[in-house]
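Asks: Take this structure, written in structure tokens, and hold onto it; I'll ask about it next.
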Amino acid sequence: MKTALVLRHVSFEDLGQLAPLLSQRGFDVSYFEVGVASFATTSPLNPDLVIVLGGPVSVYDFKTYPYMNTEVAWLRARMLEDLPTLGICLGAQLMAAALHARVYPGTAGKEIGWEHLSAGEDADERPYIRKLIGAGIRMLHWHGDTFDLPKGAKHLAASGRYRNQAFAWGRNCLALQFHPEFDIRMIERWLIGHAHELAHTQDIDPARLRADTEQFGPGFEDASAAFWTAWLNSIQQKTMPAPLAAVGS
């Protein structure tokens with residue numbers, strides 16, 4: 001059975017709608033609780049797939065959260081082998097840092113809410129990203145930090161506020177600043193979990209987030225499902241060996 005190790009920073013930011021898709025594809029999924037579990041006892045090279053989820057901390061807050069440096073180094077070791085690795089929001093920022101790119105507070109303010117994506121300059125090289133781009137499609141964004149595009153990375157998507165929304169590196173590493181894994185049924189859990197941030201961020205209204213989730217959620221779910229299917233197909237084609245032919249065939 002294939003293994004998927006999920007690096008989780010806060011309990012309510014989980015795999016969401018990606019969880020059943022991985023199960024259907026035969027992945028045995030386990031969560032690694034960052035800040036609790038030890039990276040020293042977990043090899044970055046063993047899992048067939050690593051997924052790094054979001055969270056409210058910042059990559060550059062390593063003095064307050066010293067395990068962040070360890071997490072970056074752990075990811076770097078995996079990415080240098082071009083093993084299938086997915087980063088979402090904070091996970092994308094950690095992947096950028098692992099490739100020695102700068103991660104820093106966004107100068108355009110926090111990007112929280114449902115917004116369109118536009119195609120990056122290298123989007124045609126990764127057709128799966130096109131599933132998330134279109135006039136009727138909005139993605140959930142929830143971040144205050146951003147990052148520079150790592151050297152050698154493929155620029156896949158941008159938003160009106162921040163250029164670097166998605167990048168691919170090598171054949172099998174994908175970083176997404178937004179949240180296509182989000183399960184719209186869990187919006188209240190996110191509003192509660194981020195209550196302090198929302199209360200101290202100007203021009204962000206939880207009622208509007210709730211209403212926009214209801215409005216844009218169905219189209220978002222359809223687009224995300226198509227995206228995840230296409231992306232999972234791409235890594236399986238590249239990394240999973242073809243079945244052996246039957247004897248005598």
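Asks: With N denoting the number of residues in the range 167-217, provide Rg(C-alpha) divided by 2.2 N^0.38 Å, to two decimal places. Write out the running numbers ahead of the final one.
Replies: Numbers: Rg = 14.2 Å, N = 51, 2.2 N^0.38 = 9.8 Å.
That ratio works out to 1.45.
Asks: Rounded to the nearest whole Å², what accessible area per residue is found for the chain with the 1.4 Å probe?
Replies: Counting only protein heavy atoms, the per-residue value for the chain is 46 Å².
Asks: Explain nothing, just the number: dipole magnitude of the chain about its Cα centre with +1 on each Lys and Arg Cβ and -1 on each Asp and Glu Cβ, in debye rounded to the nearest 20. Could the numbers behind the result be given before it?
Replies: Numbers: 22 positive and 27 negative charges, 98 e Å.
The dipole of the chain has a size of about 480 debye.
Asks: OK, next. Between residue 163 and residue 214, what FRET efficiency comes out of the Förster formula 1/(1 + (r/R0)^6) with R0 = 45 Å and r the beta carbon distance, rounded to 0.05? All intermediate terms of the calculation are to be shown ahead of the outcome.
Replies: Working: r = 29 Å, r/R0 = 0.65.
The formula returns an efficiency of 0.95 here.
Asks: Additional query: Using mean Cβ contacts within 10 Å as the protection proxy, how do 175-187, 22-34, 219-231 order, highest first?
Replies: Working: 175-187: 22.1, 22-34: 15.3, 219-231: 18.0.
With the highest mean Cβ count within 10 Å placed first, the list reads 175-187, 219-231, 22-34.
Asks: What is the local net charge at residue 206, summed over the other residues whose Cβ is closer than 15 Å to its Cβ (Lys, Arg +1; Asp, Glu -1)? Intermediate values should be presented prior to the final figure.
Replies: Working: positive: 110, 189, 208, 210; negative: 188, 197, 203, 205, 212, 214.
Computed value for this residue: -2.
Asks: Oh, and also: Please list the non-local residues whose amide H lies under 5 Å from the amide H of residue 146, H modeled 1.01 Å from N, same-chain partners needing a gap of 5 or more.
Replies: For residue 146, whose amide H was placed from the backbone, the distant partners under 5 Å are 104, 106.
Asks: Follow-up. Determine, for the chain, the count of lysine pairs separated by eight or more sequence positions (or lying on different chains) whose alpha-carbon distance falls under 23 Å. Kindly include the intermediate steps, with their values, before the conclusion.
Replies: Working: 2/238; 63/110; 131/154; 131/238; 151/238; 154/238.
Taking the chain as the scope, the lysine pair count is 6.
Asks: How big is the equivalent ellipsoid of the range 86-188 along its three axes, where each semi-axis is √(5λ) from the Cα gyration tensor, reported in whole Å from largest to smallest? Show your work: numbers first, answer last.
Replies: Details: eigenvalues 75, 55, 32 Å².
Each semi-axis is the square root of five times an eigenvalue, giving 19, 17, 13 Å.
Asks: Where the accessible area of the chain is counted over protein heavy atoms with a 1.4 Å probe, how much of it, in %, is carbon and sulfur?
Replies: 53 percent
Asks: Which whole-Hz ³J(HN,Hα) couplings does the range 9-25 yield from phi under the Karplus relation 6.51 cos²θ - 1.76 cosθ + 1.60, θ = phi - 60°, glycine and proline marked x?
Replies: 9, 9, 5, 7, 9, 10, 5, x, 6, 6, 4, x, 5, 5, 4, 4, 8
Asks: Which order do the peptides 41-49, 77-85, 117-125 take when ranked by the mean count of other beta-carbon atoms within 10 Å per residue, highest first? The partial results should precede the final answer.
Replies: Values: 41-49: 15.1, 77-85: 18.9, 117-125: 17.0.
Descending mean neighbour count gives 77-85, 117-125, 41-49.
Asks: Further, regarding this structure: Read phi for every residue in the range 116-129 and hand back ³J(HN,Hα) as whole Hz from Karplus 6.51 cos²θ - 1.76 cosθ + 1.60, θ = phi - 60°, with x for Gly and Pro.
Replies: So the Karplus estimates, Gly and Pro as x, are 6, 10, 10, 5, x, 5, 10, 4, 5, 7, 10, x, 4, 5 Hz.
Asks: Sticking with this structure for a sec: Where in the range 91-149 are there trypsin sites (Lys or Arg not before Pro) that are in a DSSP coil and have at most 15 other Cβ atoms within 10 angstrom of their Cβ? Please report the intermediate quantities before stating the final value.
Replies: Numbers: sites: 102, 110, 130, 131, 138; in loops: 102, 110, 138.
Sparse-neighbourhood loop trypsin sites (Lys or Arg not before Pro): 102.
Asks: 222 nm [θ] for the chain, helices only, -39500 (n - 2.57) per DSSP H run of 4+, per residue, to 500? List each step's numbers first, then the result.
Replies: Values: 6 runs with 75 residues, N = 249.
After summing the helix terms and dividing by the residues of the chain, the value is -9500 deg cm²/dmol.
Asks: For residue 6, list long-range residues whose amide hydrogen, built 1.01 Å from N in the peptide plane, is under 5 Å from its own amide hydrogen.
Replies: Hits under the 5 Å cutoff: 30, 31, 32, 51.
Asks: Rank 93, 155, 204 by how far each Cα sits towards the positive end of the charge dipole of the chain (+1 on Lys, Arg Cβ; -1 on Asp, Glu Cβ) and give me just the farthest.
Replies: Of 93, 155, 204, it is 155.
Asks: Moving to a separate point now. Kindly sort 64, 213 by accessible area of their heavy atoms, largest first, with the probe set to 1.4 Å.
Replies: Numbers: 64 95, 213 5 Å².
Accessible-area ranking of 64, 213, largest first: 64, 213.
Asks: Enumerate the amide H contacts of residue 179 below 5 Å, restricted to partners 5 or more residues apart or on another chain; note that Pro and chain-start residues carry no placed amide H.
Replies: Amide H to amide H, under 5 Å and 5 or more residues apart or across chains, residue 179 pairs with 140.
The values are calculated or read from the model by the stated rules, or taken from the named source; none is laboratory data. Please read these numbers as outputs of a predicted model, since none were measured by experiment. In this analysis, Cβ positions are derived from the backbone assuming ideal geometry, glycine residues included, and neighbour counts consider all displayed protein chains. To get the accessible areas, we keep the full protein, side chains included, count just its heavy atoms, and leave off ligands, DNA and RNA. Shrake-Rupley method; radii C 1.70, N 1.55, O 1.52, S 1.80 Å.
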